[in-house]
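In what follows, a single structure is set out as structure tokens and then discussed.
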Amino acid sequence: MHTQVKDSVMEAIGHTPVVRLKRVFPDAQVVAKLEYMNPGGSIKDRMVRHMLRGMPAGTRRVVESSSGNTGAALAMASAVYGLDCDVTVPRTTSGEKMKRIAAYGARVHPCSVDGGPDYHATAEEIARDSGAYYLDQYCSELNRQAHYRDTGPELWSQLAGEIDVFVCGIGSGGTISGIGRYLKEQDPTLRVIGVEPLHSSYRHLVTDQRSEGAFATVIEGVGKRQPSSSFDPAVVDDVVQVPDEEALAWVQRLAREEGILAGGSSGCVSAGIARLLPRLQGARVATIFPDSGAFYLSKYF
Ligand SMILES: Cc1ncc(COP(=O)(O)O)c(C=O)c1O
């Protein structure tokens, strides 16, 4: 058996590169882990791999509610394992992301965003009616556990401990909570700072700042009207909010100045870092770029 050859794409998940952002942040030490280099195109490959390990024996059908990337990761894994797969997404999800899920052979269900059964309720209904295994990233303990056991240790070892602040976008909250907890266990002085779009619900769980306006964002994957229980506020020291225009301007800058074609949540976290840098005073900053700009070419570019 050739040890360099993987048995399936599932074995190609992880070991993504960490890259210095020295063109856009020339006076600071900022690095990003490029999670779009996973085979399914996002960080969610890792979480799905972990969750499927906990799947009841004999499962033939799976369902998940997703802003798109978890759905693609699950659809990819379902192709490999021969599972029947349904994915529910908000109707506003980018066309490329929906097509990507369908391309793996899964069924995509675009759901209401303004009244009527939303993507969570629809996934629950499919699970109830068909007996499918519902991964439920917004509630499952396995979400942040995947990042605590896998992504966190990988990042820590790549950085050889050279990190003072971990800055991360918040969607379900699994990534920041899992990686953040692992990093803080290695170095209790390390700070963990979340970034989300304006008027999202997480900042208030960590700080006493309240948002007055209504939550509405075009940035996919980050921000929630209602916080998800996958978010662990005990791990997070602060949360900053950024306007969509700023996040989108950073998506363009990353592509044109760093050659990093990343998604809107990567632009959002970069905008957050730019806002934070004046008060981070020479700290070594690491972040995660969860997915690729290729999934939003018709939406952001
Ligand atoms: C593009 C993108 N960025 C960021 C996130 C946020 O990650 P998490 O759900 O772990 O908070 C997601 C989650 O769906 C995502 O799809």
The farthest towards the positive end of the charge dipole of the range 1-93, of the residues 14, 38, 28, given +1 on Cβ of Lys and Arg and -1 on Cβ of Asp and Glu, is 28
What does the charge dipole of the chain about its Cα centre add up to, to the nearest 20 debye, if the Cβ of each Lys and Arg holds +1 and the Cβ of each Asp and Glu holds -1?
420 debye
Summarise the long-distance tail of P(r) for the range 18-129 by giving the % of C-alpha pairs beyond 17 Å.
58 percent
Provide the convex hull volume over Cα atoms per residue for the range 118-231, in Å³.
117 Å³
Filter on 22/99; 44/224; 33/299; 22/224; 97/224; 33/184 - keep pairs with C-alpha separation over 29 Å:
22/99; 22/224
Counted neighbours (other Cβ, 10 Å), sorted fewest up, put 86, 238, 114 in the order 114, 238, 86
Kindly rank 49-58, 22-31 from highest to lowest mean number of other beta carbons found within 10 Å of each residue.
22-31, 49-58
For the chain, what does -39500 (n - 2.57) per DSSP helix run (n ≥ 4), summed and divided by total residues, give at 222 nm, in deg cm²/dmol to the nearest 500?
-10000 deg cm²/dmol
For a paramagnetic label modelled at 7 Å from the Cα of residue 53 toward its Cβ, which residues of the range 1-29 fall within the zone defined by backbone nitrogen distances under 15 Å?
10-15
Within 15 Å, Cβ to Cβ, of residue 180, how many net charges do the neighbouring residues add up to if Lys/Arg are +1 and Asp/Glu are -1?
-3
Kindly express, to the nearest 10 degrees and within the range 0 to 90, the angle between helix 264-280's C-alpha long axis and the longest C-alpha principal axis of the chain.
30 degrees
Dividing the convex hull volume of the alpha carbon atoms of the chain by its residue count, what do you get in Å³ per residue?
133 Å³
Rounded to the nearest whole Å³, what is the per residue volume of the convex hull around the Cα atoms of the range 58-192?
128 Å³
How would you order 267-280, 210-223 from highest to lowest mean count of nearby Cβ atoms within 10 Å?
267-280, 210-223
As I understand it, the value is the acute angle between the Cα axis of helix 69-81 and the longest principal axis of the Cα atoms of the chain; what does it come to in degrees, rounded to 10?
40 degrees
Multiply the residue gap between residue 12 and residue 60 by 0.36 nm, knock off their C-alpha separation, and tell me the result in nm, one decimal place.
15.0 nm
What whole-number distance in Å separates the alpha-carbon centres of the range 55-74 and the range 157-234?
24 Å
For residue 242, the residues 5 or more places away or on another chain with a placed amide H closer than 5 Å to its own amide H are 196, 198
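Only the coordinates and a few stated rules stand behind these numbers; no lab work does. The structure presented is a predicted model; accordingly, all values stated were derived computationally and were not measured. Cβ sites come from the backbone with ideal geometry, for glycine too, and all protein chains shown count toward neighbours.
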